[in-house]
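Data first, discussion second: the structure below is written as structure tokens.
The values are calculated or read from the model by the stated rules, or taken from the named source; none is laboratory data. What you are looking at is a predicted structure, and each value in this text was computed from that prediction instead of being measured. Ideal geometry is used to build each Cβ from the backbone, glycine not excepted, and the neighbour counts take in all protein chains shown. The accessibility values were calculated without ligands, DNA or RNA, using every heavy atom of the protein model including side chains. Shrake-Rupley method; radii C 1.70, N 1.55, O 1.52, S 1.80 Å.
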Amino acid sequence: MTKKAKIEPWQALPPELADAIEPELPEATEEILATIAREVPEYARPLEGAFGVAIRTGVSEALRQFVDLIRDPGAGREPGRDVYVGLGRAELREGRTLDALQSAYRVGARVAWRRVSAAARRGGADPEQVGLLAEAIFAYIDELSADSVEGYAQAQREQEGERQRRRRELLALLLADPPAADAEIRSAAQAAGWRLPRSAAPLAVAETDLGRVGRRLSADALVATVRGVGCALVSGAAGPSRRAELERATRGVTAALGPTVARAELGQSWSLASAALRAVEAGAIEHEGLIDAEEHLSELLLFESGDLGERLAERRLAPLDELTPAGRARMEETALAFVQHGGNAAAMARALHLHPQTIRYRLGRLRDLFGDALADPDARFELELALRTRRSRAA
């Protein structure tokens, strides 16, 4: 079924009515401007400069376009929309809501109706045409108003985009390591409209989770994406109320919190937070929800060691290379329990939930494989690093 085109009220008016109304436009323009200045406080100032040009253009163009639509309804009003979209944008730049502009439109419609209807009657318009003229004026003003709402919304989106860009730039400066110059940071903070705290903590989340987490945090958090990772910089993270807020904000997502530090150390704290997030996502640290990066430094050390840790593991665990996969897994488990419990068989049995006799058998096998290295403190330290690296890689 074909949708019928919308019929506008001015399309039903006789084109010759435009000739009767047009001579009234100059005086109507002046009266509308005077009435707006008198009744809309925000516009109660001399019509000078850019402000005066914008208001005068808006009123005169509105009246002219209305007459043109009566004369030629098929021409449409698309060419003149930019004036009213621009007025909406200007209101946001002035720091106002749309209330004043909407009031001005209502004032303009009232004065225009009185002047134009009188001109139409003098030109011979019958009561039905005068009624249609009233409907046309107020429908037309509604369209002008809608154009300005559109312009205001456009400007809001652009302003938000600019604000977010400046916040990203500020966050990049704050997280730089080595830190950026303090004067540069202060200038960027002022441009971003963000109050610099003396200390803060960075929260790392997946970029896809940043929007949800950011909406749950209080307005003083600095939220932006940093090199593909979501970041929220929060002050007072160590306090109980802020901690509770962070727990709520990160519910249902993986998040890592760096330590609260002075501004100059934020880059190092961010490195910890982002590394902890990577480790949790990779399975190297088993944790759900919010994780404190500083409580997992040893796991992060192993996770971030990369090829160096693997090289150490290959060297120290070489005696296990000839074992079957199942045998190797048993001996790695036993070796880790050995270094963790100082070779105490009873403690190892409790930790591994095995019979002490089984542990004694495994200890004998372990000594056969590793020999004197088990008695060397440096070798034991390297063995534990190697075993933990392998466990981290396996996770």
Take the residues in the stretch 292-318 that are over 13 Å from Glu382 (Cβ atoms) and touching a Gly at 6+ places or on another chain (Cβ under 8 Å); name whichever of them is most open to solvent (accessible area, probe 1.4 Å).
Glu294
So the check is Cβ under 9 Å with 6+ separation or different chains; which pairs have a first residue in the stretch 23-47 that's under 15 Å from Leu101 (Cβ atoms) and a second one that's open to solvent by 90 Å² or more (accessible area, probe 1.4 Å) and not in a helix (DSSP H, G or I)?
Ala37/Arg45; Glu42/Glu94
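Listed here are the residues, each with its yes/no results for (1) under 27 Å from Leu132 (Cα atoms); (2) exposed (fewer than 14 other Cβ atoms within 10 Å of the Cβ); (3) of a type in the set (A, V, I, L, M, F, W, C).
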site	(1), (2), (3)
Thr35	yes, no, no
Val40	no, no, yes
Asp82	yes, yes, no
Arg89	no, no, no
Thr97	no, yes, no
Ala100	no, no, yes
Ser103	yes, no, no
Of the residues Leu320, Leu308, Leu302, which is in contact with a Lys or Arg (Cβ under 6 Å, 6 or more places away or on another chain) and modelled with pLDDT under 80?
Leu302
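For the stretch 169-277, which fully contained strands (runs of 3 or more DSSP E) count at least 3 residues that are buried (at least 16 other Cβ atoms within 10 Å of the Cβ) and under 15 Å from the mean Cα position of the chain (by Cα)? If you could, list the steps in order and put the result at the bottom.
Working: elements: 199-206, 222-226, 229-234, 255-257.
Strands (runs of 3 or more DSSP E) meeting the threshold: 199-206, 222-226, 229-234.
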Based on what the data block shows, is Leu13 without any contact (Cβ under 8 Å) to a residue 60 or more places away in the chain, crowded, with 19+ Cβ neighbours inside 10 Å and on the phi < 0 side of the Ramachandran plot?
no
Given (1) farther than 21 Å from Leu272 by Cα; (2) without any contact (Cβ under 8 Å) to a residue 24 or more places away in the chain, where does Ala180 come up short, assuming only one miss?
(1)
Criterion first (among the aliphatic types (A, V, I, L, M), farther than 15 Å from Leu302 by Cβ and more than 54 Å from the chain's Cα centre (by Cα)) does Ala337 satisfy it?
no
Considering only the stretch 130-139, I want to know if a residue exists there that is touching a residue at least 60 places away in the same chain (Cβ under 8 Å), of a type outside the set (A, V, I, L, M) and either in contact with a Leu (Cβ under 9 Å, 6 or more places away or on another chain) or under 19 Å from Ile21 (Cα atoms) (or both).
yes
Subset of the stretch 99-123, residues in contact (Cβ under 8 Å) with a residue 40 or more places away in the chain and either polar (S, T, N, Q) or touching an Asp or Glu at 6+ places or on another chain (Cβ under 6 Å) (or both), comes to Ala100, Leu101, Gln102, Ser103, Val107, Val111, Arg115, Ala119
In the stretch 154-168, which residues are among the small types (Gly, Ala, Ser) and free of Cβ contacts under 8 Å to residues at least 24 places away in the same chain?
Gly161
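Tally time: how many residues in the stretch 118-128 are surrounded by fewer than 19 Cβ atoms within 10 Å (Cβ to Cβ), assigned to a helix (DSSP H, G or I) and not acidic (Asp, Glu)? Give the derivation first.
Keep residues of the stretch 118-128 that are surrounded by fewer than 19 Cβ atoms within 10 Å (Cβ to Cβ), which gives 118, 121-124, 126-128.
Restricting the remaining residues to those that are assigned to a helix (DSSP H, G or I) gives 118, 121-122, 127-128.
Next, only the ones that are not acidic (Asp, Glu) stay: 118, 121-122, 127.
The qualifying residues number 4.
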In the stretch 283-299, what count of residues is obtained for those that are assigned to a helix (DSSP H, G or I) and modelled with pLDDT of 85 or more?
5
State all residues of the stretch 133-168 that are open to solvent by 40 Å² or more (accessible area, probe 1.4 Å) and over 30 Å from Ser269 (Cβ atoms); if no residue qualifies, say none.
Glu135, Phe138, Asp142, Glu143, Ala146, Val149, Glu150, Gln154, Gln156, Arg157, Glu158, Gln159
It is to be established whether one or more residues within the stretch 147-166 are in a loop (DSSP other than H, G, I, E, B) and of a type outside the set (Phe, Trp, Tyr).
no
